[in-house]
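Chemist: Below you will find the structure I want to go over with you.
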Amino acid sequence: MNTRFLARAGLYAALYVALTLTPGLNSIAYGQVQFRVSEGLLAFACFDLAAVPGLFVGTAIANVWSPLGVVDVIVGSLLTLLVVTVMWYVGARLVVFIAPVVVNGFGVAAELALIQHLLFWPSVGFVALGEAVVVSTLGLTIFSLVRSHGSLFGLTIRKREE
């Protein structure tokens, strides 16, 4: 791990926190129906290993303000760590966007059911829908830009060994 890696990880964390806590965006970032714009940044995990720890730390910091409390700081950030690790290993393939929808849909719904006593299955549907909207718009936009113009971001596309 070098200074450049740590700087990139810090940038991902800072962007995630800023996009979650910005007034206006923060009102839709938490709860049963959520559209966390910062989740679009998960696309960077397909290309840059620094996004894995950066987005994990960014989620933990952003979840300090979660109505679910310390449980969301721990569980929510671990859900993100699982998602970005899967995205890093799968790489630049569109199928990778299923991971955040499924993992956060079920994981956040479980938190909501256990802590706020909300119904599990409606929560799965609402959280997964919000996640799907964000990753299929902002996430896919970032994914496409990095895939076609990665060198502008200082990122290279990893070659998969078949």
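Chemist: Looking for something under 25 Å from ALA113 (Cβ atoms), surrounded by fewer than 20 Cβ atoms within 10 Å (Cβ to Cβ) and of a type in the set (A, V, I, L, M) - is there at least one such residue anywhere in segment 53-66?
Modeler: Among the residues of segment 53-66, at least one is under 25 Å from ALA113 (Cβ atoms), surrounded by fewer than 20 Cβ atoms within 10 Å (Cβ to Cβ) and of a type in the set (A, V, I, L, M), which makes the answer yes.
Chemist: Going residue by residue through segment 92-100, is there one that turns out to be under 16 Å from THR59 (Cβ atoms), of a type outside the set (Phe, Trp, Tyr) and free of Cβ contacts under 8 Å to residues at least 60 places away in the same chain?
Modeler: Among the residues of segment 92-100, at least one is under 16 Å from THR59 (Cβ atoms), of a type outside the set (Phe, Trp, Tyr) and free of Cβ contacts under 8 Å to residues at least 60 places away in the same chain, which makes the answer yes.
Chemist: Within segment 1-24, can you find the residues that are of a type in the set (S, T, N, Q) and within 20 Å of LEU81 (Cβ to Cβ)?
Modeler: THR20, the sole residue that qualifies.
Chemist: If you take just the helices (runs of 4 or more DSSP H) that sit entirely in segment 49-140, which of them hold at least 2 residues that are in contact with a Cys (Cβ under 8 Å, 6 or more places away or on another chain) and at pLDDT 95 or above?
Modeler: Here the list reads 77-90.
Chemist: While we're looking at this one, here's another question. So SER151 ticks every box in (1) at pLDDT 95 or above; (2) assigned to a helix (DSSP H, G or I) but one. Which box is left unticked?
Modeler: The failed condition is (1).
Chemist: Okay, next question. So ILE157 clears everything in (1) surrounded by fewer than 19 Cβ atoms within 10 Å (Cβ to Cβ); (2) at pLDDT below 95; (3) of a type in the set (A, V, I, L, M); (4) part of a helix (DSSP H, G or I) except one condition, right? Which one?
Modeler: Against the list (1) surrounded by fewer than 19 Cβ atoms within 10 Å (Cβ to Cβ); (2) at pLDDT below 95; (3) of a type in the set (A, V, I, L, M); (4) part of a helix (DSSP H, G or I), ILE157 comes up short only on (4).
Chemist: Show the residue pairs meeting these rules: Cβ distance below 6 Å; 6+ apart or different chains; first residue within segment 45-63 and among the charged types (D, E, K, R); second residue part of a loop (DSSP other than H, G, I, E, B) and buried (at least 20 other Cβ atoms within 10 Å of the Cβ).
Modeler: none
Chemist: Then there's this: Starting from segment 142-156, keep only residues that are touching a residue at least 60 places away in the same chain (Cβ under 8 Å), then list their pairs with residues that are polar (S, T, N, Q) whose Cβ atoms are within a distance under 7 Å, requiring at least 6 positions of separation or different chains.
Modeler: GLY150/THR156
Chemist: OK, next. Give the residues of segment 115-125 that are aliphatic (A, V, I, L, M) and free of Cβ contacts under 8 Å to residues at least 24 places away in the same chain, sorted by residue number.
Modeler: Those that are aliphatic (A, V, I, L, M) and free of Cβ contacts under 8 Å to residues at least 24 places away in the same chain: LEU119, VAL124.
The values are calculated or read from the model by the stated rules, or taken from the named source; none is laboratory data. This one's a predicted model, so the numbers in the text were calculated from it and none came from an experiment. With ideal geometry, Cβ positions are generated from the backbone for all residues, glycine too; neighbour counts draw on all protein chains shown.
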